[in-house]
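The next block holds one structure in the form of structure tokens; read it before the comments.
The values are calculated or read from the model by the stated rules, or taken from the named source; none is laboratory data. Please read all numbers here as calculations on a predicted model, not as lab measurements. Using ideal geometry, Cβ is built from the backbone for each residue, glycine included, and neighbour counts are taken over all protein chains shown.
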Amino acid sequence: MNQLKIQKFVSNVLIENGYVLYNDVHALVIDPGNVYNDIVSFLKQNKLKVLGVLLTHGHFDHCLSCKHFQDDGIAIYIHKYDSDKLYTDGNLSKMLNIDFPVFYADYLLEEGFFEIGEFKVEVIHTPGHSRGSVCYVIDDYFFSGDTFFKDGVGRTDFYDSSFIDLRNSLMKLTPYFKKPYIFCYGH
Ligand SMILES: [Zn+2]
Ligand SMILES: [Zn+2]
């Protein structure tokens, strides 16, 4: 078995957490924020090839550097209901006057399972913080994005947020909270 390891990278924009999940040769990047350079040097140091960038949702603080990864030939994945945020004001970058390099996702996800190389990814659609928010389960790791944090939940006061949806999403996640996942939060 090729045990997976994880490395966290904290963006200085809204203290967003990006992650590199990796085995001996391959890696997935989750929510890279604006720490492209740090992530790329980590990948080089460890001789890792990135197979894809997974986004938990389309808010700018999670995906500011995605265009750079895409320019490097790496595919970007996001739920279909948040994909328009990547090229519209829906990513909320205008709220903080932040320059956002727009891009189009390569793969639009729905709830379910799929594989990227040897990584088996479960997509759980968890609307509430945004309409197309998802959580990812990969091996022992659970990526919550902004759906929930260690001590709270994501904001539900944005244009496509819904507190009721978020509550329903958390109810849906209840079975996952009973398992010993390593939880990786968006903030
Ligand atoms: Zn968000
Ligand atoms: Zn966020």
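Output the number of the condition that L51 fails; it satisfies all remaining conditions of (1) crowded, with 21+ Cβ neighbours inside 10 Å; (2) part of a strand (DSSP E or B).
(1)
Within segment 100-115, does at least one residue satisfy the condition of being assigned to a helix (DSSP H, G or I) and either over 15 Å from the mean Cα position of the chain (by Cα) or within 16 Å of ligand 1 (Cβ to nearest atom) (or both)?
Looking for residues that are assigned to a helix (DSSP H, G or I) and either over 15 Å from the mean Cα position of the chain (by Cα) or within 16 Å of ligand 1 (Cβ to nearest atom) (or both), one finds none in segment 100-115, hence no.
Scan segment 14-47 residue by residue and report those that are part of a loop (DSSP other than H, G, I, E, B) and either surrounded by fewer than 17 Cβ atoms within 10 Å (Cβ to Cβ) or on the phi > 0 side of the Ramachandran plot (or both).
Selection gives L14, I15, D24, V25, D31, G33, N46, K47.
Restricting the search to segment 130-149, which residues are over 17 Å from E16 (Cα atoms) and either among the charged types (D, E, K, R) or in a strand (DSSP E or B) (or both)?
Passing the criteria: R131, V137, I138, D139, D140, Y141.
Given the criteria at pLDDT 95 or above and farther than 20 Å from F143 by Cα, does G128 qualify?
So G128 fails the test.
If you go through segment 95-142 one residue at a time, how many are within 22 Å of R155 (Cβ to Cβ) and exposed (fewer than 13 other Cβ atoms within 10 Å of the Cβ)?
Of the residues in that region, 3 qualify.
Go through segment 151-182 and give me each residue that's farther than 24 Å from S83 by Cβ, touching a Phe, Trp or Tyr at 6+ places or on another chain (Cβ under 6 Å) and not hydrophobic (A, V, I, L, M, F, W, C).
Matches in segment 151-182: Y181 only.
I need every pair where a residue in segment 141-158 that is touching a residue at least 40 places away in the same chain (Cβ under 8 Å) and within 10 Å of ligand 1 (Cβ to nearest atom) has its Cβ under 8 Å from the Cβ of a residue that is in a loop (DSSP other than H, G, I, E, B) and among the acidic types (D, E), sequence separation at least 6 or different chains.
Listed pairs, sorted by first residue: G145/D31.
Which one is surrounded by the most Cβ atoms within 10 Å (Cβ to Cβ), of the residues in segment 56-85 that are within 16 Å of ligand 2 (Cβ to nearest atom) and not in a helix (DSSP H, G or I)?
T56
Could you tell me which of the residues G117, G112, G132 is within 17 Å of D160 (Cα to Cα) and among the small types (G, A, S)?
G132
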